[in-house]
Each structure stands twice: as C-alpha cells, then as structure tokens.
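Novice: I have a structure here, written as structure tokens, and I will follow up with some questions on it.
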Amino acid sequence: MSGYEPIRKVISGNYAAAYAARDARVQVVAAYPITPQTSIIEKIAEFIANGEADIQYVPVESEHSAMAACIGASATGARAFTATSAQGLALMHEMLHWASGARLPIVMVDVNRAMAPPWSVWDDQTDSLAQRDTGWMQFYAENNQEVYDGVLMAFKVAEQVNLPAMVVESAFILSHTYDVVEMIPQKLVDEFLPPREPLYDLADFSRPFSVGALGTPDDYYEFRYKIARAMEDAVKVIRDVGKEFGERFGRDYGSMIELYRTEDADFVFLGLGSLMGTVKQAVDVLREEGYRVGAAKVRWFRPFPKRELYELAKTVDGIAVLDRNYSFGMEGILFTETKAALYGTDAHPLVRNYIVGLGGRDFTVKDIRNVASDMMKAMEGGETSEEILWYHLKRG
Amino acid sequence: MEVPDEIKKRLTLPFEEHFYAGHTACQGCGASLGLRYVLKAYGRKTIVVIPACCSTIIAGAWPYSTLDANLFHTAFETTGAVISGVEAALKARGIKVKGEDGVMVVGWAGDGGTADIGLQALSGFIERGHDAVYIMYDNEAYMNTGIQRSSSTPYGAWTTNTPGGKRHFLERRHKKKVIDIVIAHRIPYAATASDAYPEDFLRKLKKAQKTPGPSFIQLFAPCPTGWRSPTDKSIELARLAVQTAYFPLFEYENGRYRINMPSTKKDPKPIEEFLKLQGRFKYMTKEDVETLQSWVLAEWERLKKLAEVFG
Amino acid sequence: MAESPFKEDIERVQKEYSEKMTLGAVAVIPGSSVVNKTGSWRVFMPEFNKDKCVRCFLCYIYCPEPAIYLDEENYPVFDYDYCKGCGICANECPTKAIVMVRETK
C-alpha cells in the first residue's frame, strides 16, 4: 500500500497534464497551440527551458503535423506526447487512424472544446467522442488529479496493448481551474512506468522492415481484427493498471465505471468527465432529501465498459444519460452506446437522454434536480417530454 | 577477376544494392530508379518515409518489401512532419543523425505529395531545421491515382483532368518552381537532380548527407505511363529535360547558386526535342509550344542571373 | 555465367515467410519483393552481344528494376526473372550491344 509522500501542488488541469507528461519521461513532444490546450505545451516548454525535463520539442506548423511527428517519433522508439482541442483534434483525425493502425502507443491530452461554428472555446465532448472509431482509447478525467493520474496510466496501458490513448479533460472547468493535485515522486513513477519497449523500432537496422505497406483484401481484414482484439484485451489491462495504480499510490482506478452511491439506487446518472463532479454533489443533496439516486462515471469510453455497465443496469430501474455532446440525426453519443451495450441483455432499465451543457452552458446542481424529477416522473409512467430532452433549450 | 582500372574509374556508383527487384513499378519507371540510387548512396542505415505515391506500391504490398532499409509508410501530406518526428526521436535517444556515420532520415515523396498537399509539412520541416533529407521525385503529375495534374505539371500537358478535347482543355499553368519556395526558407542545401545523371545525383545525396540541417533534392523522374512516352526513352527524356534547360541542374548551398548543367556558355536545345517524344504534349498548338519555350528560356535566364549574382 | 544475386534472397524469403500476421502491418523480410518474378510482364527482351560490349556499365546503372548485374569480367548479365523489358538498356547502350527483340514464349 501507498506509504509515500506525494508532492502537493495547486495547479490547473493543463498543468497537471504537463507535469504528468514530464513525470512519464516523454521523449518527444510535438504540438501546436490552441485554446484552451496551450498552457499544457507552454508548461512543457518551460520544463525544458529550466532543465527539468529532457524532451525533444517539435513546434510543428499544424495539429495534423503534430500527430504525424508523434507518429514518426513513436515509430522510432520514443515515448511521444501531444495535446490539442476541438478544431485541432478534428484536423488530426486522419492521423489518429494512422497512429492506431501502426500500433503506436502515443498519448494525447484533448481538452474538450465545442466545435465551430459558431466559434466557441468552451466545454463540449463532441470533439473527442467524434473520434470514437479511430482506434484510440479514451479516458475522461473528472478533476485535475485524474488528469495527472490518467496520463500516467494511459502510457502504461497504451504501451502494453500497442494502441494510442487519449486523456480528455474539460475546457476551463478543468484546464484553467486550479485545484490541489498530488503528484508522485519521480522514482515511484519510474517504477510504475518503466522505459518503453517498442513493438518495432525504426532505428534498429539489424533487420530492416517496413511498416504500413499496402494491405490487400487478403490481409487488411486480419489487421483490423488484431486492433479489435487489442481493444478488447485492453479492458483487462486497464483494470489491472488501475488497480496497480491504487495499490502503489492510493487512488484506485480498477473499474472502468466509477460508481457513486449506486447501492439501492432507483436510478443513476450516467456521464463523462468533469460533469460528474457536479452530479455527485447533486446526488448528495438528493439523497439527503430521501431520493435513492446514484452516479456512474464512465472513466474509459473506449474500450467501452460493456460488462460493468450491464452489471450496473441490472441493479437499477433507470439510467439518466447526461450527454454534453450530440450526434446530429441520432441522439447523445453516450446514450447510443449505453442502449447498444444493454441491448439483448436481461437488464431493462428505463434509459433516457438529457442533452446538457453544450458549448460550456452551465449545468448546475439545480439542473440535475430538475433532471431527477423528470426521470422519476418517467419511471412512474407519468406524462413526460420526449425521450431525448434538450434540457436547457430557450423556447420561443 | 580483377576489375580493370579503367573500368573501376568509370563505375562511380557503389555496387552495393539495397533496392531489390520484383517490385511492381511500371516498365521504365524513373521513380524506382531514383529510389535505387538513393539507397546506393545511403545504404542500410537509412529510415525512409514514404507518403501515398507510386513508391507506396513500388515498395511492396504487405508482407513484401522492396527495400533493404527501414521504411515507414505515411499519409499523403505528412512526409515533412514524420521525418521531423523520426529525427527528434533519434536525437532524444542520443543516436547520431546525418553526417558520415549517422542515421540517414529520408523523406521520399512525389510532386503532388510535396508541391501540393505536403507543402505545409515540407515548409515546417525546413523552417525548424531538422537533420533529414527530403527528396521530391518529380514525375509531374499524380501518377499513382492515374495521371491527374499537379502544380508541378508543365504548361500544355495532357493529363486525365486536363484532357485536351474539343475545347483544348490542357494544363494552362506553368510548372510550379517548388525549389524556389524551398530556397525561400534559406535552407542549408537544396539541389535539382535527374535520373539521367546518377553521378551528379549521388554527389548531391552525399552533400546532403554531410550538410547539417535540412536538405532538399528535386529529382526529375520520367514516367512513361503518365507521359505517354516509350518506356525505353525515360533516361533520354531526363537528359533532354536538362539539355533544353527545361529542368536545369543546379545547387543552392549556403546562399550560393551553382548551375551544374546544361552549359551556360551555349544555347540550350529547343524544347521540341523534349516534347516530341511524349504523347502528353501532342495536343499542343504551335503557339502553346512557343509559350512554353519562352517560359523555359526566361526561367533559364533568371537562374543564370541568380548564379551570376549569388554564385 | 554468374548466378542471380537474388537467388539467396529468394531462398531466404521462402524460408522465412510465414502466414503469421504481424502487428501494425510490419513487413519483416527486407528485399522480399524478389519472390515476385516480374519478368512475366515482358513483351520485348534485351538481346546482348558480348562482342560489341565495352563494359561502360550504363545498362547496369540505368536499370530501374534492377535486373542487370555484372559478372566476374564485368559484363552485364540480364536477369530475365525480373527484366520487364522496358528497353532503357538498349536505348542507352552506346555501342548497340543490346537490342530489344520480341519475346517468343
């Protein structure tokens, strides 16, 4: 168990990401500025300038090149890191597929920000969730501590399964908000995260090889299957690494969904990221008032925690899915995933969708209480609004 | 048997081969020949980065490889960025890059992947000063997708999206002088080269290896399939491109220009000699040829002036 | 006549190549393209007249495959397993020691 002295600092979520990258001993950082990510790479540049980190920093001319340079670096055996947001992540999209296809364990922090137009720099999960099918693992941080811990775990998991991983934090709510973060002494981080042992290394000339050559219809299919399997296998690796993290440092991440007061709950709120901090607070309030509600925070969206979700769904009558994102023509993205994961199982809770907080719209404890009463009305079979509720909509 | 001295003297290329037969380039392909020369110059300790282009196919479908060197395939527009990342990783790991005994990092991209979609990443790579060599093999169109014009396609050329026809819809813009954009970065070393002059090309590759920082070489690589030219004329065409001053060979080194070929003392051959061997120019009118000829000569005068002033 | 320099490589590739899928589409056998005998593409084949050859090596230098190598006496040897018959060697030969003739298979 953890008998170590943590290094406590009051820092922003972005600084937590930068400190974690430093402590993970990343070797190459290639990044491009974008609000609200920029202070991550500024901090890393500062580490280099002060001699606190030995990093090759490539100040690229676009996010597309940031990911491409990370791919080149990772293929050459280095531990590579980058960070971006919204438009930048969308620009990277092509290369996200490349990173996973070439099986490179790059770690990236994405600061969730709304896609334009209209221009917005505020919190919205659609940017990262739109990268759902790129073969990247996705970890959603609730607070600054989870940003720090998430980056360290992401590297360990990624390097074991040979797939890239994204650590996602909220614009401003985490990225620029200061909070206490317990950092881990370097020696202990090194023990947790040893140097990378790459799958292949472009600097090894003993036996030349090529990566990513044309895959004919005879072979391409199997390469996809290998990635699919690696994602499946990642579930166990994530749990093991999360558990190990808990044993070493006292914060357990052994489950992919974090449950909060879900025992005996009639229904739970299901959601991602910083939103769930507010939800937990609301649950406390609602519990005090006698309502049996809980919160379930999806830590890892990819791979999707199907099994854990099923086990939770068996114990509750309702799930209120809070989506700070939207897939046009369908519904909230986590809502879709939740229903898909439960389809065909013997768990049949009422699942309803609340579209909340898009583009950084405030979503408060009061709002969560409103959602709770709508949810309870629906569960009682009463008159309710449509299944997908645009919660904040200013009508008229 | 002993190699006679006169022959030794004449064979100025390394015998060593790191590019293997059995590849699937078209007959008479100038790109595959160019890549063969590059690997002769740099040997096995080379990391080659190839974006989407003919060489993606030439290098072999999985699990085959034409190269006896490490090769990373990447997306169309990313060559400059990926070689930057590779170089950064080598440095981060304390591995010597470039120079006589260092690892050679080579970007090998076509004209579309360089002058069009990859221009931004190329600019970033040069401007940041990475120790790597970027080689643009110029076959003057998007050949791998089936001969579409690029910004490196010359005036008057037929391609599948400048198909001639009743309305005389041909390429109407002159070839982009991408090397001028490269030189605008004040790159330490840039050069043009041609498949027809392998010794000159290898000398330039070696110079690029020795020069610290980024290097750029634009290699003229004929494409019989896309140029509608006989497959045996590839080298002849590459030579004529130089002799007509359509594609002069020159170097830009630390701010100085030097013309290698053709001779600046006499007039270059008429452009028709280069055009007439290629089906892609058959739709050109007499006026079109004159337009191209005067552009070639004007550019040649400009280059000579640069070499005179900054020689 | 000298043996093809690729003979050993073909044996190596055939021995090492297995159906085992690698991760990340890594092709692990350098120069494994030699198993593709591209000589079957040929329509015209180079015919070599040793008497006219001055051993200038231009045919060897300009072969894009490469399917021309040099024997112990530095005369060119044509590897018909790979020669696609482009004719560059014949076009560049200064003494016309190489001529292209129609394939008679």
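Novice: Ranking request for peptides B:26-38, B:259-271: highest mean number of other beta-carbon atoms within 10 Å first, then the rest in descending order.
Specialist: In decreasing order of mean packing, B:26-38, B:259-271 become B:26-38, B:259-271.
Novice: Sort by residue number and name the cysteines in chain C that have no neighbouring cysteine Cβ under 4.7 Å.
Specialist: C:Cys53, C:Cys56, C:Cys63, C:Cys83, C:Cys86, C:Cys93
Novice: Beyond 49 Å, what share of the Cα-Cα pairs of the protein assembly as shown is found? Please give it as a whole percent.
Specialist: Beyond 49 Å sits 29 percent of the P(r) for the protein assembly as shown.
Novice: I'd like the antiparallel share, as a percent to the nearest 5, of DSSP beta bridges with both residues in the protein assembly as shown.
Specialist: Within the protein assembly as shown, antiparallel bridges account for around 35 percent of the total.
Novice: Take every Cα pair under 8 Å in segment A:257-390 that's 6+ residues apart, average their separations, divide by the length, and report that relative contact order as a whole percent.
Specialist: About 25 percent, as a whole number.
Novice: Enumerate by residue number the chymotrypsin sites (Phe, Trp or Tyr not before Pro) in segment A:1-64 meeting two conditions: DSSP loop (anything except H, G, I, E, B), and at most 16 other Cβ atoms within 10 Å of the site's Cβ.
Specialist: A:Tyr4
Novice: Which of the listed residues, B:Phe250, B:Thr291, B:Thr74, is farthest toward the dipole's positive end in chain B, when Lys, Arg count +1 and Asp, Glu count -1 at the beta-carbon?
Specialist: The residue sitting most towards the positive pole is B:Thr291.
Novice: Might you tell me the accessible area per residue for the protein assembly as shown, computed with a 1.4 Å probe and given in Å²?
Specialist: Heavy-atom accessible area per residue stands at 38 Å².
Novice: Are there GluC sites (Glu not before Pro) in segment A:252-302 that DSSP marks as loop and that have at most 14 other Cβ atoms within 10 Å, and which are they?
Specialist: Sites meeting the loop and neighbour criteria: A:Glu263, A:Glu289.
Novice: Rounded, prolate or oblate: which fits chain B when a ≥ b ≥ c are the square roots of the eigenvalues of the alpha-carbon gyration tensor, with rounded for a/c under 1.5 and prolate only if a/b beats b/c?
Specialist: Cα axes put chain B in the rounded bin.
Novice: Still on this structure, I have one more. Could you please state how large a percent of the accessible area of segment A:7-249 is carbon and sulfur, counting protein chains only and using a 1.4 Å probe?
Specialist: Answer for segment A:7-249 is 54 percent, counting heavy atoms of protein chains only.
Novice: Please give me, ordered by residue number, the GluC sites (Glu not before Pro) of segment B:100-177 that lie in loop per DSSP and have at most 13 other Cβ atoms within 10 Å.
Specialist: Taking segment B:100-177 and a limit of 13 other Cβ atoms within 10 Å, the loop GluC sites (Glu not before Pro) found are B:Glu100.
Novice: Hey, what number do you get for chain C at 222 nm if only DSSP H runs of n ≥ 4 count, each worth -39500 (n - 2.57), divided across all residues, to the nearest 500?
Specialist: Theoretical 222 nm ellipticity from helices: -4500 deg cm²/dmol.
Novice: Dividing the convex hull volume of the alpha carbon atoms of segment A:15-117 by its residue count, what do you get in Å³ per residue?
Specialist: 84
Novice: Just the number, please: percent antiparallel of the DSSP beta bridges in segment B:168-311, rounded to the nearest 5.
Specialist: 55
Novice: A plus C alone minus the pair: what accessible area, both sides summed, probe 1.4 Å, in Å² to 100?
Specialist: Approximately 1200 Å², summed over both chains.
Novice: Cut-off 10 angstrom, C-alpha nodes, Gaussian network model of chain B. Which of B:Asp131, B:Asp101, B:Asp195 fluctuates the most?
Specialist: B:Asp101
Novice: Counting only trypsin sites (Lys or Arg not before Pro) that sit in a DSSP loop (anything but H, G, I, E, B) with at most 12 other Cβ atoms within 10 Å, what is the longest stretch of chain A containing none of them?
Specialist: Here the longest run is A:1-393.
Novice: Now for a separate question. Over segment A:7-249, what is the mean sequence separation of C-alpha contacts under 8 Å (at least six apart), divided by residue count, expressed as relative contact order in percent?
Specialist: Relative contact order comes out at 24 percent.
Novice: Relative to the longest principal axis of chain A, what angle (0 to 90°, nearest 10) does the C-alpha long axis of helix A:275-288 take?
Specialist: For A:275-288 against chain A, the angle is about 30 degrees.
Novice: So, one more: What does the average come to when, for each residue of peptide A:22-28, you count the partner chain Cβ atoms lying within 10 Å of its Cβ?
Specialist: 2
Novice: Roughly how big is the B-C contact, given as buried accessible area in Å² (both sides, 1.4 Å probe, nearest 100)?
Specialist: The summed interface area works out to 3600 Å².
Novice: Moving to a separate point now. Given a 1.4 angstrom probe, I'd like the percentage of the accessible area of segment A:257-390 that is carbon and sulfur, rounded to a whole number.
Specialist: 48
Novice: Let me ask something else about it. Of all accessible surface on chain C at a 1.4 Å probe, what whole percent is carbon and sulfur?
Specialist: 53
Novice: Take peptide A:59-67, look around each residue's Cβ out to 10 angstrom, count Cβ atoms belonging to other protein chains, and average those counts.
Specialist: Neighbouring Cβ atoms belonging to other protein chains average 6 per residue here.
Novice: Do any of B:Lys233/B:Lys276; A:Lys314/A:Lys339; B:Lys176/B:Lys276 go past 20 Å between their Cα atoms, and which?
Specialist: With Cα atoms farther than 20 Å apart: B:Lys176/B:Lys276.
Novice: Another question about this same structure. With the cut-off at 32 Å, tell me which of the pairs A:Lys236/B:Lys45; B:Lys266/C:Lys84; A:Lys297/A:Lys377 have Cα atoms farther apart than that.
Specialist: In this structure, A:Lys236/B:Lys45; B:Lys266/C:Lys84 exceed 32 Å between Cα atoms.
Novice: Just counting partner chain Cβ atoms within 10 Å, what average do the residues of peptide B:226-233 show around their Cβ?
Specialist: For peptide B:226-233, the averaged partner shielding equals 4.
Novice: Here's something else I'd like to know. Using only Cα atoms and rounding to the nearest 10 degrees, what angle (0 to 90) does helix A:144-161 make with the longest principal axis of chain A?
Specialist: The helix A:144-161 is inclined about 60 degrees to chain A.
Novice: Another question about this same structure. Leaving out ligands, DNA and RNA, calculate the buried accessible area for the pair B and A with a 1.4 Å probe, summed over both sides, in Å² to the nearest 100.
Specialist: That pair of chains buries around 3100 Å² in total.
Novice: Of the residues A:Phe267, A:Phe304, A:Phe205, which exhibits the maximal mean-square fluctuation in a Gaussian network model of chain A defined by a 10 Å Cα contact cut-off?
Specialist: Result for chain A, Cα springs under 10 Å: A:Phe205 fluctuates most.
Novice: Label points 7 Å out from Cα along the Cβ direction at A:Arg224 and B:Phe15: separation in nm?
Specialist: 4.9
The values are calculated or read from the model by the stated rules, or taken from the named source; none is laboratory data. Source: prediction; values computed, not measured. When we count neighbours, we look across all protein chains shown, and the Cβ atoms used for this are built from the backbone with ideal geometry, even at glycine. To get the accessible areas, we keep the full protein, side chains included, count just its heavy atoms, and leave off ligands, DNA and RNA. Shrake-Rupley method; radii C 1.70, N 1.55, O 1.52, S 1.80 Å.
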